[in-house]
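Report on one structure; see the data block that follows.
The values are calculated or read from the model by the stated rules, or taken from the named source; none is laboratory data. Keep in mind that this is a model prediction, so the values were computed, not measured. Cβ placement follows ideal geometry from the backbone for every residue including glycine, while neighbour counts extend to all protein chains displayed. Please note that ligands, DNA and RNA were not included when accessible areas were found on the heavy atoms of the full protein model with its side chains. Shrake-Rupley method; radii C 1.70, N 1.55, O 1.52, S 1.80 Å.
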Amino acid sequence: GMLFVFPQSDFYGFWMKDMRFSIDIIGFDDTQTVVWLAKDLIPESFPTVFTPSRPVQYVLEVPAGSIEAFGIELGNKGSFE
């Protein structure tokens, strides 16, 4: 996956420009708690911008199906530095 680390929490937007495969997006707040999930985003969704419903400071993009496969839910805690 790809981890985005932002200097502060905010409503950052993500889109699928130039993507060649589907992804899931997991958004974490400043305490590394999952506060946003976007599942199975397809490349053809561009130019739609996907924006979290709550501010995020960390965003993890992973292959589509990962949220389901690993049982990730809102409120789960992440652990990364």
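Near Pro63, once Lys and Arg are set to +1 and Asp and Glu to -1 for all other residues with Cβ below 13 Å from its Cβ, the sum equals -2.
Once you keep just the Cα pairs under 8 angstrom separated by 6 or more residues, what percentage relative contact order results for the chain?
After rounding, I find 41 percent.
For the chain, what is the accessible area per residue in Å² when the probe is 1.4 Å? Let's see the in-between values first.
Working: 5090 Å² over 81 residues.
Using a 1.4 Å probe on heavy atoms only, each residue of the chain averages 63 Å².
Can you give me the % of accessible surface on the chain that is carbon or sulfur? Probe 1.4 Å, all protein chains present, nothing else counted. Taking all protein chains in place, the chain shows 54 percent carbon and sulfur surface. Between Trp15 and Phe50, the built amide H atoms are under 5 Å apart, and every one of these is 5 or more places off in sequence or on another chain. Subtracting the Cα-Cα distance of Arg20 and Glu44 from their residue separation scaled by 0.36 nm leaves 7.7 nm. Peptides 53-60, 37-44, 66-73, ordered by how many other C-beta atoms sit within 10 Å of their residues on average, highest first, read 53-60, 37-44, 66-73. Eigenvalues of the alpha-carbon gyration tensor of region 17-58, scaled by 5 and square-rooted, set the equivalent ellipsoid semi-axes at 22, 10, 8 angstrom, largest first.
An oblate overall shape is assigned to the chain, the ratio a/c of its alpha-carbon gyration tensor axes (a ≥ b ≥ c) being 1.5 or greater and a/b not exceeding b/c.
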